[in-house]
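Rule-based calculations on the coordinates, nothing more; no lab input. Just so you know, these numbers come straight off a predicted model, no measurement behind them. Cβ placement follows ideal geometry from the backbone for every residue including glycine, while neighbour counts extend to all protein chains displayed.
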Amino acid sequence: MSILTEFKQFAMRGNVIDLAVGVVIGSAFGKIVSSMVDNIIMPPLGVLINNVDFKDLGIVISAADPATNKPAVVFGYGAFLQTCLDFMIIAFAIFMLVRLINKLSPKPAPAPKGPSQEELLTQIRDLLKAESKAAPAKAVAKKK
């Protein structure tokens, strides 16, 4: 089998195509959620904290020096908070979507109920009794 044929079989398997579709949809969904966070959720939060953009929050460790063209060194915790908020919203949205899919998907039929443990033990006991009764008869038949 040629490598091209093997690659074609690999690429056309259902799992690979499903994964590709999931990545594309996930990427688009991430953009939607990021837009929702940046444009809908964060502006009201910024108003509550005196019109400060979360991405701009930080602690200046070393100020910029225009004489040497040295940029400021900033511990930008605001961007980290923004990213954490994005993640929490995305995770919650995916959780709700999976929860909805699980509720809408048909439940598998329950497995047929088998014999209880007591019934199985009774059957084993009866088989052992039958074998023990048959064993002496076989021994007598062999002696003849």
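Taking A20 as the residue in question, decide whether it is on the phi < 0 side of the Ramachandran plot, in a loop (DSSP other than H, G, I, E, B) and either in contact (Cβ under 8 Å) with a residue 60 or more places away in the chain or among the hydrophobic types (A, V, I, L, M, F, W, C) (or both).
no
Can you name the residue in segment 84-131 that is surrounded by 11 or more Cβ atoms within 10 Å (Cβ to Cβ) and more than 20 Å from the chain's Cα centre (by Cα) and is also nearest to D38 (Cα to Cα) among such residues?
L120
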